[in-house]
Amino acid sequence: MAASDSDDVNLAYDDTADDDYFYLDDTDDDLHPPQASDSLDDDQLQGSDSHNDDDDDLLQSSDRHDDGDHDCDDNDDGDENALEEDDHDSPISGQNFSVLTEADIRHRIKDNIAEVSSILSISKNEASSLLLHYNWSVNNIFDSWFADEKAAREKAGLFLEPLIESPDHGSSFCVICFEDYPCDGTKSTSCGHRYCNDCWSSYIKTAIADGPQSLLLTCPHPSCRAAVGEDMVGLFASEKEKNKYSSYIVMSYIESKKMIKWCPGPGCENAIDFVAGSENLDVSCLCSHSFCWNCTQDAHRPVDCETVTKWMSKNSSESGNVNYILAFTKPCPKCKRPIEKNMGCSHMTCRAPCLYEFCWLCLGDWNNHGTCNRFKGNPEEEKREKAKQYVMKYTHYFERWATNQNSMKKGAADLQKVQTEQIEVLSRIQAQPLAQISFVTEAWKQIIECRRVLAWTYAYGFYLPEECEAKRNLFEYLQGQAESGLERLHDCAEKELLSYLKDKISVEGFIEFRKKLTLLTRVTRNYFDNLVAALQNGLSDVNSGSSSVSKKRKSNWAAAAVNAAPVLDTNINDNSATAPAPAAAASAMEPWACAYCSYENQSSATNCAMCGRGSWTCDVCTYANSRTSATCAMCTEAPEP
């Protein structure tokens, strides 16, 4: 091989220490990718090859191996020892995803390199080059390697023999700067093309400064495709450039995985590994940012990504201004410029140079104007009125969407305050262990999630077709119930908690407060889960062309609605919040649980002894009926068995 016989004194370095730092450092500012797009350009990271998956892992290792042309010795033991310092727990998992920290990603990369290196019996530097050229697909590497090792090596720029013979001693000529150097002052990759250390340093530093394409850097010779790997970067790059190169490797690994994406949260350097086939596309990162896996917008259940795109585009576009002009201005009959009426009388004068005078009501020439009180159909006026109604509708939904968005952000700030300040204060004043106070943070997390869902229901309502009157009526009813239930939970967590932060309350009083807040959290969560499911199903419980709920599929909304609006009492059983409504059989002798407050009543009671409400709820209108009623007193529907 065309390696130098001796190390250059100026470039000699401790292989173990430098290698460990190069692959384990996670402080680079360039690690986090652009937030505006789902992923970086394929060409920017990997060339023209398409991305593959494979849950293989890597990046922290990659020892320098002698490919037959480098001055550094192998030091696997030192590298492995250093990597043990990054041992950590497994990634944080959710139902449909797991959160990968930078350390998790680097360990995955390290494992990929080790697997390829071990099975193919090649150096880790060569394994790293193969993974970069095959988009981190271990299976593709094995398939190509065992089918045609030579072709696989050529694709990655890994040569078994040098292309040219290099002298082992004496001098060597650098064809970049046209100077003669002793052999120990030049270096080459596996191809054998030698260049001086200064030219190598400039070449590699310039490539790293140009971006992630430096991962596929090749020999400076115009016709040579030999890979310039991590070992050469370790020799000639500064510490800052090593960190940047290391961050490029992490980025390329993430961007090559179809089921892994960066968290778009501000300043977040975590990634989300999504489980294929999951119906719920909302994911949450450790930084508390929740987003949709599909479009990377903020989490937007229950609306789909297309609706979100339309809604956000509308909010940021000039369409609102256009509609305002149509609704609240009129065009000058002469020059057609829009004019807004800012005085009381109907005598309008257009601005210079037009200066046309006309009537605001009929747009007729003021000099020939008589009366315009007679009704005449005016298509322009109808168009203007329609635009005005559209603007009013948009304003209604946007105001409530924005209000809930702001409440969600305020809730996130309040949760931070609860976790950092109020929890410890509450634990100290009420003499309760922290484990017994976790219900407060759970309530605030539920408030934040419900505010997010409630906000997006207004975007859903804005695009709900006007002709679907039955669906709109049901939607507005369910939305109203959800909003009322959430307000009760938010009020309890925000205001009622304050008294427990100031004074010592009896143990019994605190226990009852915990029961109340826990119950409100649970029933609000259940109701919003049902609401999301119903809206995502297009309110399928409504018969087409009917104003009633379909009786084919029994809806869970009755129970959910009443659970979201209980009249809570200090005697509520914490474990009975989800008790189902009893059947309407008057002859039943067993005790029955109230669908509103879950209180267990005697079999002879026709109404709940705790809240005074009926014992069964109508599946159509949710009216609470007496236990002895055979049909609903509101809509005359009979209870389903």
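The values are calculated or read from the model by the stated rules, or taken from the named source; none is laboratory data. If you're wondering where the values come from, they're calculated on a predicted model, not measured in any experiment. All Cβ positions, even for glycine, are placed from backbone atoms using ideal geometry, and neighbour counts span all protein chains on display. Just the protein is used for accessible areas: all its heavy atoms, side chains included, with ligands, DNA and RNA removed. Shrake-Rupley method; radii C 1.70, N 1.55, O 1.52, S 1.80 Å.
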Checklist entry - For residue 397, all conditions in the list (1) surrounded by 13 or more Cβ atoms within 10 Å (Cβ to Cβ); (2) out of contact with any Gly (no Cβ under 8 Å at 6 or more places or on another chain) hold save one; what is the number of the exception? => result (2)
Next on the checklist: Tell me which helices (runs of 4 or more DSSP H) are completely within the stretch 385-497 and hold 3 or more residues being modelled with pLDDT of 90 or more, of a type outside the set (Asp, Glu) and in the same structural domain as residue 361 (by TED's automatic domain parsing), or say none if there are none.
Outcome noted: 438-462, 469-491
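Considering each of 354, 345, 372, 362 in turn, give the residue that is farther than 30 Å from residue 504 by Cβ and either outside the structural domain of residue 504 (by TED's automatic domain parsing) or open to solvent by less than 40 Å² (accessible area, probe 1.4 Å) (or both).
354
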Next on the checklist: Could you go through the stretch 196-209 and let me know if any residue there is open to solvent by 10 Å² or more (accessible area, probe 1.4 Å) and farther than 30 Å from residue 161 by Cβ.
Outcome noted: yes
Checklist outcome for this item: Residue hits (the stretch 474-495; open to solvent by less than 60 Å² (accessible area, probe 1.4 Å) and either touching a strand residue (DSSP E or B) at 6+ places or on another chain (Cβ under 6 Å) or closer than 22 Å to residue 428 by Cβ (or both)) are 474, 492, 493
Next on the checklist: Being open to solvent by 10 Å² or more (accessible area, probe 1.4 Å) and not in a loop (DSSP other than H, G, I, E, B): is that true of residue 253 here?
Outcome noted: no
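Would you mind stating whether residue 382 is in the same structural domain as residue 334 (by TED's automatic domain parsing) and either touching an Asp or Glu at 6+ places or on another chain (Cβ under 7 Å) or open to solvent by 70 Å² or more (accessible area, probe 1.4 Å) (or both)? Show your work before the answer.
Details: in the same structural domain as residue 334 (by TED's automatic domain parsing): yes; either touching an Asp or Glu at 6+ places or on another chain (Cβ under 7 Å) or open to solvent by 70 Å² or more (accessible area, probe 1.4 Å) (or both): yes.
Answer is yes for this residue.
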Next on the checklist: Need pairs with beta-carbon distance below 8 Å; first residue closer than 12 Å to residue 456 by Cβ and within the stretch 392-411, second among the hydroxyl-bearing types (Ser, Thr, Tyr) and open to solvent by less than 50 Å² (accessible area, probe 1.4 Å); sequence gap 6+ or separate chains.
Outcome noted: 397/458; 400/458; 401/458; 404/458
Next on the checklist: Taking the criterion of being open to solvent by 70 Å² or more (accessible area, probe 1.4 Å) and not aliphatic (A, V, I, L, M), would at least one residue in the stretch 157-167 satisfy it?
Outcome noted: yes
Item to check | Residues of the stretch 121-156 classified as assigned to a loop (DSSP other than H, G, I, E, B), open to solvent by 20 Å² or more (accessible area, probe 1.4 Å) and within 23 Å of residue 220 (Cβ to Cβ), total | outcome: 0
Checklist entry - Any residue at all in the stretch 280-292 that is out of contact with any strand residue (DSSP E or B) (no Cβ under 9 Å at 6 or more places or on another chain), open to solvent by less than 40 Å² (accessible area, probe 1.4 Å) and modelled with pLDDT of 80 or more? => result no
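Say we look at the stretch 256-279 and pick out the residues that are polar (S, T, N, Q) and touching a strand residue (DSSP E or B) at 6+ places or on another chain (Cβ under 8 Å); which of these is surrounded by the most Cβ atoms within 10 Å (Cβ to Cβ)? Break it down stepwise before answering.
Initially, the stretch 256-279 is screened for residues polar (S, T, N, Q), giving 256, 270, 278.
Add one more test, that the residue is touching a strand residue (DSSP E or B) at 6+ places or on another chain (Cβ under 8 Å), and what stays is 270, 278.
Values: 270: 20, 278: 14.
Top of the filtered list is 270.
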Next on the checklist: Here's a check for you: in the stretch 430-446, which residue that is in contact (Cβ under 8 Å) with a residue 60 or more places away in the chain and not acidic (Asp, Glu) is surrounded by the most Cβ atoms within 10 Å (Cβ to Cβ)?
Outcome noted: 443
